[in-house]
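Report on the following structure.
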Amino acid sequence: MHVVILGGNSGIGAALTTYYLSCGAMVSVFRRSALAGAPATTMAQQTANPALRHYLYQPQQLEQTSAPLQESLATVFSQPVDFVFCCLGLLHQAELQPEKSLRQLSAGNLRQAFEVNTILPALWLQAIWPFLPKSPQVKLCWLSAKVGSIGDNHSGGWHSYRASKAALNMLIRGAAIELKRQLPQVTLVALHPGTTDTEMSKPFQRNLPAGQLQSPAATAQRLATTVADLTPAQSGALLHWDGTVLPY
Ligand SMILES: NC(=O)c1ccc[n+]([C@@H]2O[C@H](COP(=O)([O-])OP(=O)(O)OC[C@H]3O[C@@H](n4cnc5c(N)ncnc54)[C@H](OP(=O)(O)O)[C@@H]3O)[C@@H](O)[C@H]2O)c1
């Protein structure tokens, strides 16, 4: 089995990596270069575990047709891929905090949320698209969020995060229609991982109902179980972590 993780520094992405390695899978991980001002190259990083490969990238490489990124993707997809998880997401960061009211909305915060929750995940999908014929049974799982469901929004707030995830869900839906025509064996879903104890949820864990917060390891295991059973008929859906369909 070969699994690709986009956004390897994510709490859930790291747990998925650990889980699949423990199952004997080969795992290729893309994460941003941590080096400020590092050149915009993408390099395969050898690790102590031969089943694990890290590839550094910078988000601006997704906006250009970056030769180093293309080379990395060609290398990764030279081994058939079974699953791709896109784990990029942004809820809070410095000045950016989920809005309790429309009064707190700002253009800057909206832009940041759309950049990480919508634009970069869409560009990742576009970047891997030409390589999909090499892995015709691949399952593409773009992590979204239940709070991005328009039909399920009964409490308001969190406008930037909700709107940017709703936009992601629409992009997944549209891309899945294209995939069905071009590569009907490929499955593409938006997947709500469930509330998970990562940096993203840390400030918002206090009032959660008992049992709702999962460890990253538990979430990884639950997601892996659910995605193993996905079929192309489910393509385009927004799925709860247990595989049930959420309303858009
Ligand atoms: N944790 C939860 O309770 C929860 C609930 C519902 C949905 N989700 C969704 O599940 C996914 C993973 O969540 P998580 O809790 O693992 O998040 P996390 O630990 O906060 O990780 C965030 C991820 O987003 C990427 N990222 C952040 N800012 C970025 C930027 N400016 N440019 C490019 N990449 C950026 C990081 O990339 P690098 O790896 O390159 O650093 C990292 O992979 C997200 O889509 C999130 O919205 C999480």
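Every number in this text was worked out from the coordinates using simple rules, so none of it is lab data. Fair warning: this is a prediction, and the values are worked out from it, not measured in the lab. Backbone-built Cβ (ideal geometry, glycine too); neighbour counts: all protein chains shown.
Near Trp158, within a Cβ-to-Cβ distance under 12 Å, what is the net charge of the other residues, with Lys and Arg +1 and Asp and Glu -1?
Values: positive: Lys100, Lys146, Arg162, Lys165; negative: Glu99.
Neighbour charge sum, excluding Trp158 itself: +3.
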Query raised in the report: Measuring from the lowest to the highest alpha carbon on each principal axis, how far does the range 2-239 reach, largest first, in angstroms?
Result: 49, 44, 34
Query - Cβ-based charge dipole, the range 2-239, positive-most Cα from Ala228, Ser28, Ser164 - result: Ser164
Query raised in the report: Points 7 angstrom from Cα along the Cβ direction at Asp229 and Ala74: gap in nanometres?
Result: 4.0 nm
Query raised in the report: How large is ³J(HN,Hα) for each residue in the range 60-72, as worked out from phi by the Karplus curve 6.51 cos²θ - 1.76 cosθ + 1.60 (θ = phi - 60°), to whole Hz, x for Gly and Pro?
Result: 5, 5, 6, 7, 9, 8, 7, 4, x, 5, 4, 5, 4
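Using 0.36 nm times the number of residues separating Ala94 and Phe204, minus their current alpha carbon distance, what extension gain do you get?
Roughly 38.1 nm would be gained on extension.
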**Report entry** Gln137 paired with Asn153, simple spin-label distance in nm, labels 7 Å along Cα-to-beta-carbon
**Finding:** 3.9 nm
Query raised in the report: Measuring from centroid to centroid over Cα atoms, what is the spacing of the range 90-125 and the range 131-205 in Å?
Result: 15 Å
Report summary line: Scoring only Lys, Arg, Asp and Glu (+1, +1, -1, -1) among other residues with Cβ under 14 Å from the Cβ of Ala167 yields +3
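Want the number for Asp242 to Leu105: 0.36 nm per residue separation, take away the alpha-carbon distance, what's left?
Details: separation 137, 0.36 × 137 = 49.32 nm, distance 3.26 nm.
Result: 46.1 nm gained on full extension.
Based on DSSP, what percent of beta bridges with both residues in the range 128-248 are antiparallel, to the nearest 5?
Values: 1 of 9 bridges.
Looking only at bridges with both residues in the range 128-248, the antiparallel portion is about 10 percent.
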Query raised in the report: Helix 216-228 versus the longest principal axis of the chain: what angle, 0 to 90°, nearest 10, using Cα atoms?
Result: 60 degrees
Requested in this report: Between beta-carbons, use under 11 Å as the cut-off and find the net charge around Gly194, counting Lys and Arg +1, Asp and Glu -1.
Outcome: 0
